[in-house]
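Nothing in this text is a laboratory measurement; each read-out follows from the coordinates by a stated rule. All figures in this text were calculated on a predicted structure; none of them were measured in a lab. Here the Cβ positions follow ideal geometry from the backbone for every residue, glycine too, while neighbour counts run over all protein chains shown.
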Amino acid sequence: MRRFKPRSSDSDSGGGDDKQTEIAAVRLLTRREHSTKGLKRKLQGRGHDGDTVERVVEKLAGKNLVSDERFASNYVTYHARRGHGPVRIRADLRQQGAADAVIDAALAAAECDWEEIAGAVRRRKFGDGPPASLAERAKQARFLQYRGFSTDHIRAAFSGKDPAIGDTFSLMSDAPDGSD
């Protein structure tokens, strides 16, 4: 059972509010990384004053306890492992309040082979064989697009770069691929 301390009604509630807000923020950060905007939103949603939240989050950022760069890096790594593509990850991070420069740096530092991830996601969902028809191929392509892969990544998932499919449905129908 949780026990709550009753708030004192003293006149020095400014410092007390900062301390309570900082404790709440650190508790949130111990569970998982948060973006600065996301942390502010959560703290304000829990009834903490906006000015106090601003001060506390700036203080925690100064101590490197909250970092948009670290949040974005962890977010990219986690969601890439779950089979999400860079387009979806970028949109999610923007929604979380990360700056475009931070997102670009996190995606570049991830060292993910997005084409391989797209192929693995396609195989996991639809099996190793090639699509039986163009309608089935379109269905698979829509799924990969929903997961956040670009058209280049989707093409690679259906091309010779994906060993499970080969060149059966290559978009370049009879073009030689240079391999013997």
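Applying 1/(1 + (r/R0)^6) with r as the Cβ-Cβ distance of Ala61 and Ala91 and R0 = 22 angstrom yields a FRET efficiency of 0.35. Once both labels are positioned 7 Å from their Cα atoms along Cα-to-Cβ, the gap between Asp51 and Tyr146 label points is 4.8 nm.
Applying both filters, DSSP loop and at most 13 other Cβ atoms within 10 Å, to the chymotrypsin sites (Phe, Trp or Tyr not before Pro) of segment 37-98 eliminates every site. Evaluating 6.51 cos²θ - 1.76 cosθ + 1.60 at θ = phi - 60° for every residue in segment 102-116, the Karplus couplings come out as 5, 5, 4, 5, 5, 5, 5, 6, 5, 6, 8, 8, 4, 5, 5 Hz, glycine and proline recorded as x.
Local charge for Arg55 was computed over the other residues whose Cβ lies under 15 Å away, with Lys and Arg +1 and Asp and Glu -1, and equals -3. Across segment 68-109 the C-alpha pair distances fall into 5 Å bins from zero in the proportions 5, 29, 42, 20, 3 percent. For segment 65-78, backbone phi angles converted through the Karplus equation (6.51, -1.76, 1.60; θ = phi - 60°) give residue-by-residue couplings of 8, 10, 8, 5, 5, 5, 4, 5, 4, 5, 5, 4, 4, 4 Hz, Gly and Pro being listed as x. Applying the Karplus relation 6.51 cos²θ - 1.76 cosθ + 1.60 with θ = phi - 60° to segment 85-95 yields 3J(HN,Hα) values of x, x, 5, 5, 4, 4, 5, 5, 5, 4, 5 Hz, where x marks Gly and Pro.
Taking a sphere under 12 Å around the Cβ of Arg88 and counting the other residues whose Cβ falls inside, with K and R at +1 and D and E at -1, yields a net charge of +3. Counted by neighbouring Cβ atoms within 10 Å, the residues Arg88, Arg27, Arg155 run from fewest to most as Arg27, Arg88, Arg155.
If I stretch the segment between Arg82 and Gln20 completely, what's the gain in nm (0.36 nm per residue apart, minus their alpha carbon distance), one decimal?
18.8 nm
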